[in-house]
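Quick notes on the structure that follows.
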2 protein chains.
Amino acid sequence: MERIQATYLIETPYKVEQAAAVLAGEQSSGTFVSVPGETDELKTRFAARVEAIEVLGEVSAPSMPGEIIDNKTYTQAKVTVSWSVENFGYNIPTLISTLQGNLYELRQFTGLKLDDFELPESYKNHFKGPNFGMKGTKELASVGLERPMIGTIIKPSVGLTPEYTANLVKTLAEAGIDFVKDDELLASSGNSPFAVRVEQIMKVINDFADKTGKKIMYAFNITGDLDTMKTNYDTVVKAGGTCAMMSINSIGWAGVKQVCDFGELSIHGHRNGWGMLNRHPLLGINFPAYNKIWRLAGVDQMHVNGIKNKFWESDDAVVRSIKSCHTPFLNNESVIPVVSSGQWGGQAFETYKRTQTTNLLYMAGGGIMAHPSGPAGGVRALHQAWDSAVKGMTLEETAKQYKEFGESVVKFG
Amino acid sequence: MERIQATYLIETPYKVEQAAAVLAGEQSSGTFVSVPGETDELKTRFAARVEAIEVLGEVSAPSMPGEIIDNKTYTQAKVTVSWSVENFGYNIPTLISTLQGNLYELRQFTGLKLDDFELPESYKNHFKGPNFGMKGTKELASVGLERPMIGTIIKPSVGLTPEYTANLVKTLAEAGIDFVKDDELLASSGNSPFAVRVEQIMKVINDFADKTGKKIMYAFNITGDLDTMKTNYDTVVKAGGTCAMMSINSIGWAGVKQVCDFGELSIHGHRNGWGMLNRHPLLGINFPAYNKIWRLAGVDQMHVNGIKNKFWESDDAVVRSIKSCHTPFLNNESVIPVVSSGQWGGQAFETYKRTQTTNLLYMAGGGIMAHPSGPAGGVRALHQAWDSAVKGMTLEETAKQYKEFGESVVKFG
């Protein structure tokens, strides 16, 4: 019988073998004493199995509250556990409850983080993956593989009228933007009702497409309960839009899956709340596992933060996330990594150097909107930065050669 | 205009006022520089406002990775922030993204935990709350207000056949159980397909109800994608069941809301994964806020761990959670707290002493199943414990007076 395998980073005051056995027990048998009915045959068929243990080191203080044992050190290790597909079949919420359920509550651990997991071949028959993925999303936005999609976020997040926003989109379109998105804080607000915003913005985008043949991708934030999302989704489709944005953690897996299955729009997966799930080095979930869960739902675009971002996430973590998006998974080659947070073009050089890819959606919010030559200057500066980075030029050379990028360096550098 | 208020526990190396302003800014304006279009009128209408700051103390080391400033101490504080209802209306996923979105990513904090939030009156017009709540759920299970519902979890979690499980339910029903549930790891497994399990178990429960007038509540784990949940829900309704269980974190808010809205079954909210969201003292979310989010979806029964549980959660946190379930919220008086984890009846005395309530669903898994006189003895022991605790007897007195509870003390005490 096929098995599912998961890797955890753990910390424990106990012997690692003993702690790993507790983890496997809790996540398959699930009680603190032996009970009748738990035969050896059942155990063999349904019990989780510890497949590998790699000790990483010892620390003298626990990373989190847990069992405190006097005069003990705490061992950090990488542990691989497996379950039979029979335990849950192709039920992803139950898979999630198995991979990251009650095990975080176990006293035996002073640290526990799900790092990655592997699914067997048969999952390919049950999950088609994203409808558009990296390639399909770039095609929808008329962007080739030779450069990243350049995008921006409408700021301030909440408060602008649909008219103001639509005018801004017009300016950005004329300056060569590929992608614009609502902020995650804006769904339908007092002065920007969803349907009105879609109407006004899509008029600008459709007019521009009629003139130039290029349809800007706008990620309308359809986040809400399922009825709201269905209505908003249909509004976008009817208006000729190509993308919908969802706050995936706030909506949850079942809701996101349902909307992805509609199949007509590229889905922009916004992972706000990520810090809560990932920020502690030994609690929660790492991006490779997180990303797979959402690829199973069908998300096409996935946030990864950016190099030298304004948040806490390290450059190494960002690079790992980008690579994770570009690693084939089940039926799907790649989702497009959404690079953002404090980006202004200056980070294009390091981003390209470390990832050697242009298959990104590269977004700057303030970096475009607050550019000294206005939003149009901001967009030009980003194109200049990426073209130069791909050619192997340095930031300094690019600043000298291009006026708008030079202005960015003065303001944001 | 009405405002929504949220309270956070924070830790920061900066001045608390400055850090709180960054939080409010990120969660309403949302960029790292001032941008055109952000007028004073817009700011007044849509900006988040810091309402109160209470400094709690100073620590010399940060609780989490974040901005590290040499020779600095880190201030811990309670901060209250408010938003206008206009920002998101009655869109709960967007409310979640506002209350617990990107703010966890801010470098300015070395700790940040959402503690509680308050919604204005107008929310009563948009959310009816749980369909059954505490009272309705107890009524469905024919249990009065004078004692807790006594429940158990089928263990081992995965592996038993529907026949074996149904026989176990028969034994438990005859012993006086009120409530039985699937484990969260079991939805539909290789040897226990969902529909077969429902059929076999409901036959036992319906037969017992025909004979005695008492219908045992069984929480069938319907967790899955939306289509699966709809099918499973209908299967339970058609078989005459009264309850469905959902792994709420794994399904997510939109999916849970949709299922609660079906309105025919009491919804058992299983919060597996809670440790990931709450275990660190200064990261994530505390129960009062968490509980309100799920009451808005319509969950009737909410897990709270138990006194002296097998997990890491403190007794104080458990008591606070029980009280939170019993605090009226919007149109709803109370959801029923599900007390579990390493319970065997011995904790009934402390639980009653500290909460003075019998409006609980009190569950023991191993504590019932592994009882020396079998599951029937385990159920009797739990009833003995609770009857005695409410009468003011001590554990020792109860152990002397009742055979089955005495056996529990020898085995589990």
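The values are calculated or read from the model by the stated rules, or taken from the named source; none is laboratory data. Here the structure is a predicted model, which means the values were calculated and not measured. Positions of Cβ are generated from backbone atoms using ideal geometry, with glycine treated the same way; all protein chains shown enter the neighbour counts. In case anyone asks, the SASA skips ligands and DNA or RNA and just uses the protein heavy atoms, side chains included. Shrake-Rupley method; radii C 1.70, N 1.55, O 1.52, S 1.80 Å.
Computed quantities for the displayed model
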{"item": "Using a 7 Å Cα-to-Cβ projection, B:GLU2 label spacings across copies, nm, ascending", "result": "4.9"}
{"item": "Region B:133-412, accessible surface, carbon-and-sulfur percent (1.4 angstrom probe)", "result": "51 percent"}
{"item": "Convex hull volume of region A:260-383 per residue (C-alpha atoms, cubic angstrom)", "result": "116 Å³"}
{"item": "Accessible solvent surface per residue of chain A, calculated while the other protein chains remain in place, 1.4 angstrom probe, Å²", "result": "34 Å²"}
{"item": "Accessible area of B:THR235 in the full protein assembly, 1.4 Å probe (Å², nearest 10)", "result": "40 Å²"}
{"item": "Estimated distance in nm for a label pair at A:ASN206 and B:GLU58, the labels positioned 7 Å out from Cα along Cα-to-Cβ", "result": "6.2 nm"}
{"item": "Part-to-part distance (alpha-carbon centres) for region B:147-201 and region B:251-301, which is given in Å", "result": "23 Å"}
{"item": "Protein-only accessible surface order, largest first, of A:ARG295, A:ARG3, A:ARG49 at 1.4 Å", "result": "A:ARG49, A:ARG3, A:ARG295"}
{"item": "Max mean-square fluctuation residue, GNM over chain A, Cα-Cα springs under 10 Å, options A:GLY374, A:GLY213, A:GLY252", "result": "A:GLY213"}
{"item": "Chain A - share of DSSP beta bridges that are antiparallel (%, nearest 5)", "result": "50 percent"}
{"item": "Dipole magnitude of region A:3-125 about its Cα centre (Cβ charges: Lys, Arg +1; Asp, Glu -1), debye to nearest 20", "result": "80 debye"}
{"item": "Pairwise label distance in nanometres, A:ALA317 with A:GLU17, each label 7 Å out on the Cα-Cβ vector", "result": "3.4 nm"}
{"item": "Order of exposure, largest accessible area first, which applies to B:ASP227, A:ASP178, B:ASP210, B:ASP116 with probe 1.4 Å", "result": "B:ASP210, B:ASP227, B:ASP116, A:ASP178"}
{"item": "Copy-to-copy label separations for A:LYS72, where each label sits 7 Å from Cα toward Cβ, in nm and ascending", "result": "3.4"}
{"item": "Largest to smallest principal axis extent of the C-alpha atoms in region B:3-125, angstrom", "result": "49, 35, 22"}
{"item": "Cα gyration tensor category, rounded, prolate or oblate, for the protein assembly as shown with a/c compared to 1.5", "result": "prolate"}
{"item": "Length-normalised contact order for region B:3-125 - Cα pairs under 8 Å, 6+ apart - percent", "result": "47 percent"}
{"item": "Inter-part distance where region A:326-343 and region A:64-128 are each reduced to a Cα centre, Å", "result": "24 Å"}
{"item": "A:ASN125/A:PHE262 FRET efficiency (R0 35 Å; Cβ-Cβ; nearest 0.05)", "result": "0.95"}
{"item": "Heavy atoms of B:LEU112: accessible area, 1.4 Å probe, square angstrom to 10", "result": "10 Å²"}
{"item": "Antiparallel bridges, percent of DSSP beta bridges restricted to the protein assembly as shown (to nearest 5)", "result": "50 percent"}
{"item": "Net dipole in debye of region B:219-328 [+1 Lys, Arg Cβ; -1 Asp, Glu Cβ; about Cα centre; nearest 20]", "result": "320 debye"}
{"item": "Trypsin sites (Lys or Arg not before Pro) lying in DSSP loop within region A:67-174, provided at most 15 other Cβ fall within 10 Å", "result": "A:LYS72, A:LYS128"}
{"item": "Volume per residue of the C-alpha convex hull in region A:133-412, rounded to whole Å³", "result": "119 Å³"}
{"item": "Over 27 Å (Cα to Cα) - which of A:LYS15/A:LYS308; B:LYS138/B:LYS308; B:LYS72/B:LYS323; B:LYS181/B:LYS308; A:LYS72/B:LYS155 fall in this group", "result": "A:LYS15/A:LYS308; B:LYS72/B:LYS323; A:LYS72/B:LYS155"}
{"item": "Mean separation of Cα contacts under 8 Å, 6 or more apart, over the residue count of region A:61-134: relative contact order %", "result": "43 percent"}
{"item": "Exercise: per-residue mean of other protein chain Cβ atoms within 10 Å, A:110-116", "result": "1"}
{"item": "Estimated dipole of chain A in Debye, rounded to 20 [Cβ of Lys and Arg +1, of Asp and Glu -1, Cα centre]", "result": "960 debye"}
{"item": "Computed FRET value (nearest 0.05) for B:LYS308 with A:SER373, which takes r as the C-beta separation and R₀ as 56 Å", "result": "0.30"}
{"item": "Angle between chain B longest axis and helix B:162-174 axis [Cα atoms, degrees, rounded to 10]", "result": "80 degrees"}
{"item": "At most 11 other Cβ within 10 Å, DSSP loop - chymotrypsin sites (Phe, Trp or Tyr not before Pro), region A:161-212", "result": "none"}
{"item": "Protein accessible surface hidden between B and A, which excludes ligands and nucleic acids, total in Å², probe 1.4 Å", "result": "7600 Å²"}
{"item": "Residue with peak Gaussian network fluctuation, chain B [Cα springs, cutoff 10 Å], from B:ASP70, B:ASP182, B:ASP300", "result": "B:ASP70"}
{"item": "Within the accessible area of region B:3-125 (1.4 Å probe), percent carbon and sulfur", "result": "47 percent"}
